[in-house]
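Student: Before I ask anything, here is the structure I am working with.
What follows draws every value from the coordinates through simple rules; no lab data is involved. Worth saying up front: this structure is predicted, and the values here are computed from it rather than measured. With ideal geometry, Cβ positions are generated from the backbone for all residues, glycine too; neighbour counts draw on all protein chains shown.
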Amino acid sequence: MSPRRSVAETRETRQRILDRSLEIASAEGLEGLTIGRLALEMGMSKAGVLGHFGTKESLQLAVVDQAAEVFEREVPRRVRQAPSGLPHLRAVCEAWVSYLERNVLPGGCFFTAATAEFDGRSGPVRDALAGMNALWRRDLRVHIRRAVNDGDLARDVDVDQLIYEVVGIMLALNHFLQLERDSAAPDRARRALDRLLTASSRTR
């Protein structure tokens, strides 16, 4: 076997482990990941699985990164051609609703589940989750401020409050989809977002 093929196969195996780990973690939590289970499902030894990550915590951190890549692909990248400002903000919100509606991951929003699992803890995994959430709020802030500058949102809009309410709607959507199995939840979320953004366009 050539060195190039060996490296490619190692990367492919690592990716397969990550893909399956993300599926498990989205439904059962990051603590639901066990090296033994992954080894059994992947037809590998425990040492073989660990050889790709080193420790369970390193695996969890890699899964957080993988989840971020999936979210980036399904939401920001899907709307990168949308016009700046409010049209982009609305497109982002719609892509986010669609991401949850389409059950891209079997357990719904990975970050919602993982944040609830780790928010009361300390350590690298919690810090990674907090960092990803902060980056997403930063992106929302950018889109909102551009909408304000374009005159599509009121000059006196409370940006932090608007972010809080957008995130709250998405958390509610994930809850009603996953726990309540409410098929009407995506449309409720869309109406709530439209009402919120429409109200934010009026000067107070």
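Student: Extension gain Glu72-Arg141, at 0.36 nm per residue separation less the Cα-Cα distance, in nm? Before the final figure, lay out the partial values.
Tutor: Working: separation 69, 0.36 × 69 = 24.84 nm, distance 1.65 nm.
In short, 23.2 nm is gained.
Student: Expressed in nm², what is the orientationally averaged projection area of the convex hull enclosing the Cα positions of region 48-87? Don't skip to the answer; put the middle values down first.
Tutor: Details: hull surface 14.9 nm².
Convex hull of Cα atoms, orientation-averaged projection: 3.7 nm².
Student: Could you run the Debye sum over the Cα atoms of region 1-60, one equal point scatterer each and no solvent, and tell me log10 of I(q)/I(0) at q = 0.17, 0.21, 0.28 Å⁻¹, two decimals?
Tutor: At q = 0.17, 0.21, 0.28 Å⁻¹ the computed log10 ratios are -0.54, -0.78, -1.23.
Student: Now a separate question. Largest first and in whole Å, give the semi-axes of region 89-192's equivalent ellipsoid, each being the square root of 5 times a Cα gyration tensor eigenvalue.
Tutor: Working: eigenvalues 118, 78, 23 Å².
Computed over region 89-192, the values are 24, 20, 11 Å.
Student: May I pose another question? Just subtract the alpha-carbon distance of Asp160 and Ser58 from 0.36 nm times their residue separation and send over the number in nm, one decimal.
Tutor: Residue separation times 0.36 nm, minus the Cα-Cα distance, leaves 33.4 nm.
Student: What's the center-to-center distance, using Cα atoms, between region 24-56 and region 116-146 in Å?
Tutor: Region 24-56 and region 116-146 have Cα centres separated by 25 Å.
Student: Just to verify a number: FRET efficiency for Ser183 and Glu23, C-beta to C-beta distance, R0 = 22 Å, to 0.05?
Tutor: Computed FRET efficiency for Ser183 and Glu23: 0.50.
Student: Follow-up. List the residue ranges in the chain for DSSP H helices whose C-alpha atoms run 24 angstrom or more along the long axis and whose Kyte-Doolittle average is -1.0 or above.
Tutor: The qualifying helices are 56-74, 124-149, 159-178.
Student: Here's a follow-up. Suppose the Debye formula is applied to equal point scatterers at every Cα of region 1-110; what is log10 I(q)/I(0) at q = 0.18, 0.21 Å⁻¹?
Tutor: These q points yield log10 I(q)/I(0) values of -0.89, -1.05.
Student: Per the Debye formula with a single identical scatterer at each Cα and no solvent contribution, what log10 I(q)/I(0) holds for the chain at q = 0.08, 0.16, 0.18 Å⁻¹?
Tutor: Cα-only, vacuum Debye calculation for the chain: -0.33, -1.05, -1.23.
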